[in-house]
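Visitor: Here's a structure for you.
All of the numbers you see were taken from the coordinates with simple rules; none came from a lab. Please read all numbers here as calculations on a predicted model, not as lab measurements. All Cβ positions, even for glycine, are placed from backbone atoms using ideal geometry, and neighbour counts span all protein chains on display.
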Amino acid sequence: MTLSEPVTPTAVDFEACLAQPALRMETRQGLMEYSERGDGPPLVSVHGSPGDCVEGLLMAEYFRVNGFRVIAPSRPGYGGTPLATGRTSGEQADAIVALLDALHVDRAAVFGMSGGGPASYALAGRHPERVRCLLEVDSLCLPVPPNRLERVSFSSRPLVALQLWLVDHFPGWMLKMSGSPGSPGPQEAADRVALLRAIIESVGDWPRMRNGYANDEAEFAALGDLPFGAIGCPTMIIHGEADHSVPTTHAEHAHAAIAGAELRWLPGGPHVRFLVDPVAQGEALSWLRAKAAR
């Protein structure tokens, strides 16, 4: 990988993520939908809840523009991946490895975020020989009850439309609510807003999300022990200190359970503040560049 000064993705890049065609691959675990962008060391981006391969592309676009090949699967039940491909975190981890096999990818860095935490942690623990390093951001790893308010905010078309309206008409307020740090210039602020809008768009197609989200609710409520003790790759955990969606106890638990794991707090950071924090992203990029080349 050619090391260079980090660049930040623009609104054009995020629009390209939204337009990237989803592909489907039959694997030994079943049908998997995925998208990919970029060239360089492979990075598997495991989306949250709700989400699909488009969200996976969006959340890893910073790494794509800085030299990584992003492979973003739709977890079972989301998008074009049937729920039968894998309901549990372990089965979803196995399905991702089956996709990597079909793509002839031997080893990859793994990036999990939010509700993608159980599957990505399981991937590193169940298939340690396939994971070069593991980056977890605001990731869930302990049982959580269903969040009915969150479900309504994604499943209600009027509420999704309201979120898009707020982004379009009150971008500064939406950036503040996302925890966007510093005082970005007009172009940088516009690019961060474009990402927020793209993420809302990507999860606003509820028919593509319904089955996966219902499965996540059931699985996360009954989540058992994840295979933390088997994770031997370099691991970085990043978590917002003011994350009310996935409490900080999740990061503390994973950090204590994974030998050698590093933990970085985002002061005052709400959920997924990382995505609008170029400093935190730059530090994660430096870490990934060093570990993915191992």
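Visitor: Positive end of the charge dipole of the chain (Lys, Arg +1 and Asp, Glu -1 on Cβ, about the Cα centre): tell me which of 204, 89, 139 has its Cα farthest that way.
Guide: Result: 89, furthest along the dipole toward the positive end.
Visitor: Still on this structure, I have one more. Evaluate E = 1/(1 + (r/R0)^6) for residue 19 and residue 259, where r is the Cβ-Cβ distance and R0 equals 35 Å; express this FRET efficiency to the nearest 0.05.
Guide: Efficiency at R0 = 35 Å is approximately 0.25.
Visitor: For the chain, what are Rg and Dmax over the alpha carbons, in angstrom?
Guide: Values for the chain (Cα only, Rg and Dmax): 17.3, 49 Å.
Visitor: Right, another one. Run the simple label-point estimate for residue 147 and residue 286 please: 7 Å along Cα→C-beta, distance reported in nm.
Guide: 3.1 nm
Visitor: Return the distance in nm (one decimal) between the two label points of a simple spin-label model at residue 190 and residue 293, each offset 7 Å from Cα along Cα→Cβ.
Guide: 3.5 nm
Visitor: So what is the relative contact order for the chain, in percent, with contacts set as C-alpha pairs under 8 Å and at least six apart?
Guide: 21 percent
Visitor: Also, quick follow-up: Treating each Cα of the range 156-252 as an identical point scatterer and ignoring solvent, apply the Debye formula and state log10 I(q)/I(0) at q = 0.17, 0.24 Å⁻¹.
Guide: -1.05, -1.23
Visitor: For residue 27, enumerate residues with amide H under 5 Å from its amide H, sequence gap 5+ or separate chain, H modeled in the peptide plane.
Guide: Correct list: 32.
Visitor: Evaluate E = 1/(1 + (r/R0)^6) for residue 169 and residue 210, where r is the Cβ-Cβ distance and R0 equals 41 Å; express this FRET efficiency to the nearest 0.05. Provide the component values of the computation, followed by the final result.
Guide: Values: r = 29 Å, r/R0 = 0.70.
Calculated value: 0.90.
Visitor: Please report, in debye to the nearest 20, how large the charge dipole of the range 1-130 is about its Cα centre when each Lys and Arg carries +1 at its beta carbon and each Asp and Glu carries -1 there.
Guide: Dipole magnitude for the range 1-130 comes out near 280 debye.
Visitor: Give the peptides 75-87, 114-126, 28-40 in descending order of average Cβ contacts within 10 Å, highest first.
Guide: 114-126, 75-87, 28-40
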